[in-house]
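In what follows, a single structure is set out as structure tokens and then discussed.
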Amino acid sequence: MTASSPHHHHSASPIWEAHARAALAAQGSRAGGARQLVIAALAGQACCASAQEIHAQIAVSGGTTGIASVYRTLDLLHGLSLITRIDTGDGVARFEPAHPDGAHHHHLVCDTCGSVEAFHDDALETVIHTVADRVDFRVDAHDVVLRGACRSCR
């Protein structure tokens with residue numbers, strides 16, 4: 001993957017979906033209707049999505065579940081470290097799969113239109129770990145959000 005590819009690291013993720021289901025089963029949570037629908041929606045998304053967007057995606061795919069069930073499921077998945085919560089700075093929490101192999105991407109957020117785009121940069125990953133070593137800090141997770149103006153809004 002090139003240093004600046006602004007793209008979906010893992011769009012549809014059957015591996016993560018199976019991992020999430022197994023993790024729920026291992027801790028005794030039944031993957032009931034709402035949970036199955038939320039996991040499937042998360043696995044199919046290209047980038048982070050809000051609870052509202054996930055709820056809308058489930059409806060589009062023909063599933064029915066209440067928004068409260070979506071929030072509860074997201075809380076559960078987040079508590080099990082199966083999803084990452086992304087704060088893009090607009091007060092709306094967004095979520096995406098936390099891949100067991102550590103694969104992840106970062107986010108470009110447009111302050112004008114609110115678009116969120118994924119990007120991956122190997123040099124940035126190296127610098128984050130170099131800084132962590134220098135300040136003697138163990139980094140367990142990180143999310144980089146670059147805010148500004150997208151191509152269309154500039």
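The values are calculated or read from the model by the stated rules, or taken from the named source; none is laboratory data. The structure displayed is predicted, hence computed values, not measured ones. Cβ placement follows ideal geometry from the backbone for every residue including glycine, while neighbour counts extend to all protein chains displayed. We work out accessible area using only protein heavy atoms, side chains counted, and drop any ligands, DNA or RNA first. Shrake-Rupley method; radii C 1.70, N 1.55, O 1.52, S 1.80 Å.
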Self-check item: Selected residue [farther than 19 Å from Ala18 by Cα, touching a helix residue (DSSP H, G or I) at 6+ places or on another chain (Cβ under 8 Å) and either not charged (D, E, K, R) or not in a loop (DSSP other than H, G, I, E, B) (or both)] from Thr73, Thr64
Solution: Thr64
Quiz item: Do any residues in the range 70-86 that are open to solvent by 50 Å² or more (accessible area, probe 1.4 Å) have Cβ atoms under 7 Å from those of residues that are among the polar types (S, T, N, Q) and not in a strand (DSSP E or B), where the two are at least six apart or on different chains, and which pairs are they?
Solution: Leu80/Gln27
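Each row is one residue, and each column tells you yes or no for (1) more than 16 Å from Ser50 (Cα to Cα); (2) in contact with a helix residue (DSSP H, G or I) (Cβ under 8 Å, 6 or more places away or on another chain).
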position	(1), (2)
His78	no, no
Asp101	yes, no
Gly114	no, no
Val127	yes, no
Val139	yes, yes
His142	yes, yes
Leu146	yes, no
Ser152	yes, no
Quiz prompt | the range 58-69: number of residues that are β-branched (Val, Ile, Thr) and open to solvent by 60 Å² or more (accessible area, probe 1.4 Å) | solution = 2
Quiz prompt | Residue within the range 121-133 that is within 18 Å of Ala46 (Cα to Cα) and surrounded by 16 or more Cβ atoms within 10 Å (Cβ to Cβ) present | solution = yes
Quiz item: Pick from the range 100-120 the residues that are small (Gly, Ala, Ser) and in contact with a strand residue (DSSP E or B) (Cβ under 8 Å, 6 or more places away or on another chain): which of them is most open to solvent (accessible area, probe 1.4 Å)?
Solution: Ser115
Quiz prompt | Where a residue in the range 113-127 is at positive phi and its partner, wherever it lies, is assigned to a loop (DSSP other than H, G, I, E, B), with Cβ under 8 Å and at least six apart | solution = Gly114/Asp90
Quiz item: Restricted to the range 50-79, and to residues that are β-branched (Val, Ile, Thr) and closer than 22 Å to Gln27 by Cβ, which residue is nearest to the chain's Cα centre (by Cα)?
Solution: Ile54
